[in-house]
Structure formats: C-alpha cells, structure tokens
Amino acid sequence: MTNNDKIKLSQNIAIIAGIFSITVALLLLLNFLQVSKNDPIESKVLEALVERLSDEPNNEALKIEIRNFDLLARKAYFNSRWQIKTGAYLLLFGAIVLAFALHFYYTAKNKIGQPDTVHENEIIGRILAQKGIIIVGAVVFALALVASFATVNHLNHYDVKVEAKAGITPADEKIEVIEVQEIVQQEEQDSVKTEVAETVVAPVIESKREEVKKAKKPVAKPIQKTSAGLTLTDIKKNHNSFRGPLAQGVDFHKNIPIKWDGSAGKNILWKSPIPKKGYNSPIIWGDKIFVSGGDKSGREVYCFNRNTGKLLWIGKADNIKGTPAKLPKVTEDTGLAAPTLTTDGKRVFAIFATGDVIAFDMNGKRVWARNLGVPDNHYGHSSSLITWANKLFVQYDTNKGGKVLALDVATGKTVWETVRKSKISWASPVLAEVDGKYQLLLSADPIVAGYDIETGEELWQTECMMGEVGPSVGYADGVAFAANEYAVLAAININDGSVIWENDEYLPEAASPLAYNGLLFVATSYGVLVCYDAKTGEQYWEHDVGTTLYSSPMFADGKLFIMDNDGVMRIYEYAKEMKLISENELGELAGTTPAFADNRIYIRGEKNLYCIGK
C-alpha cells in the first residue's frame, strides 16, 4: 500500500468516524431534549387517572389501567437510560476512531516529499476550515456528554410512594399519650422480670450466571452458640434485627393480637412520640425497644420501655471523626435514618446515611463510634445491620462500588472487608446456616452472593439481579429467594449458586420476600400480595390490596402479617388458599415492618411508636 493509499484510507475512516460521532451526538441531544420536555413519569394522563381514582376508589378496572400506564412509563424511562448509556459508549468509540484516523492521516501526509504549491490564502482557509470543524465537533461532543449525564439520573428524586391525602384522625382519650423527655444515659438495672417474657420481631419498610464454587450439603444441626454467648434461643426470644431472628422474616412468639383500631384506641396499650423522623423498624431485647431518627440537626438512637412506652434514654450520634460537614442528599421516603438497628444484648448498634456507625451499651453509654465514609447513594443509605459471632455486619454497596464489612462488636474495628463486584443496593444482609456454618446472604445489582462470616470469603455468587435493588433475600431450607422490580424472582440453591426456578410476573420494589414452611410470599409496591410454592414456583393465590406495600411480610403465630403504607395491617391465614382474617387501621401513615412479642405487636408509625395488645 502506497503512502497516498494510506492517506486516502485514513481520510475516509476519519470522515466516516466523524459523521458517526456527530450523528450519535445529535441523537443524544435529541434524546435529552425529548426527555426534558416529556417527563416519562410525571404524566398529565397519569395524574388525571389518579385524580379520577380518588372519586372512584372501588373501580378495579381503573386501578389496573393506572398500574399498566405506570409500568409502561417506567419501562420507557429505563429504555431511555439504556439508550443514553449505549449512545455514550458509541460516541466515545467514534471519537477514539476519529482521533486515530486523523493521527494516521497527518502522519502519512507529512511523509510526502514535495508539497503542492498553494497560495497563502488557500492555506489560511484550510486551517480555518479544519479549526472550524474541530471546534464544532468538540462543541457537539461536549453537549452530548452533558446531555447524557443530565439524563442518566432523571428519577433520582422521584418519589414512588403514594402519599395519603386524608388527615390523621386524633387518638381517642383511652390511648395513653406519653410526652417525650430527653434522658441522657439514665442508669437502669438489667434485671430480668417474670412479666417481661414478651419479645419482638422488628423488620423495616423497607440471564447469565457465573461459574461458582460448590459447597457441601447442608446439615440440619445448627450452631447454637457464638463466643459472645449469643444463641439462637436468645434471638428468638429477643428479636434483635431487621425481619426478626437471622433477618429471615419468621417470628416465634404466640398469642399475637389480630384486631385493633388506632383511631378509636381499641387494643392500643400505649403510643409514644418519636422525637426525630426515621423509616427503621423497632428491635427488642428484654424490656427495651430501640429505634433511631435523624434530621439536619442531628442523628439519635432512642430506647423505650416496651411495657410502658416510657422513653428511657437518647443516644446522640455526634462528634464522630469523619462525619461530613455537609449532610448527604437523601429523598423524603428514605431520609437519614432508614436502616434498622441491631443488638447483641450487651450493645445496640446503629448506622446513618452519613456513614456513621455507633454502639451504645444498654443504658445509653457510648461504647464506640466511627465513620465508614459517606455512602454515595442517591436516595440515602438504608441497608440494615445484623450481628452474630462477635461481629457487626455492614452491607455497603454504593454508586462507587460494593463491599461488605465485619466490625468487632466491642471496639468497632474492622475484622474483615470484602470488595464485591456489585453496584448500588439498598438491601440488607440475611444470615443462613449451611453445613454447620453461617453464611451472610446479600443481594445487589447484578449479583446475589453468600459470604463466610468468619473470613469474608465469597462462597458463591449468581448473576440474576438488575436495577435499583431494595428487597433483601428470603431464605428457607437451603434456598435463597432474590427479587427486584424489572429483574426476576429467583430461587437460588446456596450450595452451588444454581437457579432452581424463576418468575417475572410479580416483583417487589422494597418489600423482602418471605419463605417459610414450603410457601413463599412476595409483596409489590403497586399493592399485590402473592403466594407461591417455594419449591416449584407455582402460584397459589394473589390479593390486590389497592395501595402501596413497602413493608415486608412476616410470619408469626401461624399467620401472615403485612402493613401497607397507609397504616393498615392485613392478617391472613398462612396457607395455600387465601383467607383474610382482619384489616386493622393504625390511625397514621406507616410503611415499616411489624415487630412481635408474646401477646404484643409493635409498630412504628410516621410519628409514633405503638404497642398493640389486649
């Protein structure tokens, strides 16, 4: 190939690459302008349908039409995101090819021995033309990049929660309303009284697969004790983490109330105001119940007497090295205090959207505190904590990458830290016993994986998730059930990471799946509760409750409990056939998961903590 041939070839490639890059850039700009003008979510049609539904609340056909329209809008948005991401990569590819082609063109041209004779004004004209092309191309390229970044996170502040328009009905005089008084580090003896046998379960509002390591077959015999003395018997009596013992959504208490009315005061033993806002659920140890709250003025942990509702102490998460001077941006339905706390019976642990992790003893004295770095989460951090075997486990999947940590419960120092090949996640860790050892089960985009709690070693992983993962996994009998909206519901064998079955019809956005006694329950954000056969994926029944479900379903006393975002808890028979036992109104908004004790249910509302019992 002669030098002139090389010049001609590189020139043609440069022209093609330039036209390609400009075309892609213009398409990206057009996409940006289209999305900016026509918001795929804030649709006038959808607003009109919702307004019409307020006048026709029992119109089932209208509800279906709204859901279908909302689903199409969301799909359009995610399709737009995919187009933008793909276009950005194509634009980068075209620019690189153009740069190399121009480089070869000018290099080859410089090798020509005798340049053509041209007039000075022709040379100046060519230079100006070349500069003009380069400037125009750079401007188009830059605008396209700006457009791509401006549209990628179009829904960062979109609130999918349907706000109730009705006012909160005042409580009846029969309800004891307890005034909050700040009591810092109040001394209280931890003697165990006979009457305090009631404990709770406290949860929250919340395809390609990789080759995996093979694990041994699980043994039925569980580990009962850790070196700290924390046992399965302890945590079954004292619900110490999100979704109950081992965070699996199964409670072991009896005589749970099934009827109440918060507005009328029926079966409401007490309610206590919570000083600061938060979306975490209660946890309980002995006669103490814990929640947290946070706002611009501070982040706090609250300890109440669970028998009387009296606020015992407030622990402030302040003066922590590394705490950001400027608070991270969070959405209204996540806030600064979304993660549920955990306790080992000696200390209570909390984490906030600032990245601050803090431990108090049971009387409110600070034990240790540290900052893990501000989590880069565009809604706010919401992964709850869990403790076992002298370790506090933290799932820390953010926009900057994923990792999981084990901290020493006594000092807060890092025992191990494992970097994960995952993107951002709002799910929480779940513990599962396998082959006489415990695994930590985590779900994120794109992987569901199991980790050795002693070393942090990744034991297996399955690539089956996508999108903004909020639900934690369900677990029963060696199978993890992972799900997320716009992804799939997958039953995964945690011996080898293989997928047993999949379903993509009903998918949750925030509520975690519940698996127990051969049944699997999934609650969608658009208000459908679905029951499956856990082994085969066969659907048994579904119930459209007609309102948003962020709370995770719970098993307790042979029944299924689930709270909707309007503060109504529905109780079903835990069975293959759908039977609704009761519907109970709290009297205020609530999207958290209930906590249980013998003869008691504890619910965190928008403003108050409730104790329900006969």
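FYI, it's all coordinate maths here, none of it is from the lab. Please read these numbers as outputs of a predicted model, since none were measured by experiment. For neighbour counting, all protein chains shown are included, and Cβ atoms are generated from backbone atoms with ideal geometry for every residue, glycine included.
The table below lists the values:
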| item | result |
| --- | --- |
| Computed FRET value (nearest 0.05) for Thr107 with Glu577, which takes r as the C-beta separation and R₀ as 60 Å | 0.20 |
| Order of Thr592, Thr107 under a 10 Å beta carbon neighbour criterion, fewest first | Thr107, Thr592 |
| Order of Ile358, Ile84, Ile13, Ile19 under a 10 Å beta carbon neighbour criterion, fewest first | Ile19, Ile13, Ile84, Ile358 |
| Members of Lys277/Lys329; Lys535/Lys576; Lys310/Lys607; Lys316/Lys365; Lys296/Lys346 lying beyond 18 Å, as alpha-carbon distances in this model show | Lys296/Lys346 |
| Average Cα contact separation per residue, the range 511-614, under 8 Å, 6 or more apart, as relative contact order % | 18 percent |
| Integer Hz, Karplus 6.51/-1.76/1.60 couplings in order for the range 276-291, x for Gly and Pro | 10, 6, x, 10, 7, 9, x, 10, 9, 9, x, 9, 10, 10, 10, 9 |
| Neighbour-count ranking [beta-carbon atoms within 10 angstrom, fewest first] of Val434, Val50 | Val50, Val434 |
| Viscosity 1.567 mPa s, temperature 4 °C, Stokes-Einstein D of the range 323-364 from Kirkwood C-alpha radius, µm²/s | 112 µm²/s |
